[in-house]
Amino acid sequence: MCVQTHWCLIQIYSLLKISYSFGTLSLSLPHFSSPFFPLLSFISLLLSAMVSHLVTTIRNVVGITGNVISLFLFLSPVPTFIRIWKKGSVEQFSPAPYLATLINCMVWVVYGLPMVHPNSTLVVTINGTGTAIEIVYLTLFLIYCHDKKKRVKVMLIVLVEMIFIAGVTALVLIIAHTTQRRSMVVGIIAILFNIMMYAAPLSVMKLVITTKSVEYMPFFLSLASFANGVAWTAYAFLPFDPFIAVPNGLGTLFSLAQLLLYATYYKSTKRIIAARQEAKMEMHLSEVVVNGDNTDPKKNCTAP
């Protein structure tokens with residue numbers, strides 16, 4: 001390498017000031033007269049465009065990944081509802097996670113609307129899908145819930161959620177006249193409900209600790225919640241969006257706590273289920289013996 005080329009590279013390295021702010025690379029050059037200034041300006045613009053394009057590409061990839069993981073999150077309760085359908089009862093399963101997820105999805109659909117937060121198509125598509133899925137879950141829950149009071153309570157909560165979303169949408173569009181203000185208002189509301197969605201299984205966690213059994217805390221729901229939180233937290237930093245980062249960061253911690261709890265009580269759950277099945281088998285055998293004794297012709301015959 002010639003001395004002039006080496007000196008040129010040193011000058012480029014020393015003169016370029018690279019700073020990263022909210023996912024956008026900005027390059028600034030000192031203002032002075034130099035024969036290399038046009039070249040450095042060109043390199044600065046080229047690097048800025050390349051990094052900006054790279055950040056946008058990574059953001060789209062992470063967003064699509066987040067959509068796929070979110071879809072798995074919404075579909076993770078399917079085994080639970082297959083069990084409910086087979087047994088014809090919701091047993092001790094709680095409707096809280098599905099109610100919390102429903103209101104969360106509806107708020108994020110509002111947040112992603114073009115007139116509220118432009119360029120948020122990925123947010124609208126996945127949360128619109130989630131809204132439809134949660135409505136199906138809650139419909140099945142109502143069908144197989146034999147407790148009339150609980151059924152009425154769930155229906156009232158769903159009605160209140162629908163009215164709330166309609167009211168928030170109307171007020172935001174009428175009162176706030178810029179997308180920045182609309183994004184801020186709906187974003188703050190979305191943070192609250194997103195945290196509620198992740199925290200909803202905490203009530204089930206209390207049951208797990210009390211009974212030392214994870215039977216009624218679906219593993220796939222906890223795992224999908226954890227993966228979903230990680231993906232959307234990463235998405236929120238490209239560029240930085242506090243309304244997405246805060247609730248999903250906390251959600252990641254909540255989901256991690258559920259997974260740790262599941263690992264702690266997994267073996268005891270197996271023992272409890274095995275003991276219950278053994279008790280059922282013994283009861284069934286005793287009923288067979290009793291019925292056999294009652295139908296024994298020698299014992300049932302009468303003396304002449």
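The values are calculated or read from the model by the stated rules, or taken from the named source; none is laboratory data. Quantities reported herein were computed from a predicted structural model and do not represent experimental measurements. Neighbour counts are summed over all protein chains in view; Cβ atoms, including those assigned to glycine, are modelled from backbone coordinates with ideal geometry. Each accessible area value is taken on the protein alone, full model and side chains, heavy atoms only, with ligands, DNA and RNA left out. Shrake-Rupley method; radii C 1.70, N 1.55, O 1.52, S 1.80 Å.
The table below gives the values:
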| quantity | calculated |
| --- | --- |
| Cα-projected label distance for Asn119 with Leu207, points at 7 Å along beta-carbon direction, nm | 4.4 |
| The stretch 127-256 - percent of accessible surface contributed by carbon and sulfur, probe 1.4 Å | 79 |
| Segment Thr178-Leu54, length gained on full extension (0.36 nm per residue, minus Cα span) | 41.7 nm |
| Members of Lys148/Lys212; Lys206/Lys267; Lys87/Lys212 lying beyond 26 Å, as alpha-carbon distances in this model show | Lys148/Lys212 |
| 1.4 Å probe accessible area per residue over the stretch 52-278, in Å² | 51 |
| Inter-label distance, nm, simple model (7 Å from Cα along the C-beta direction), Ala166/Ala257 | 3.5 |
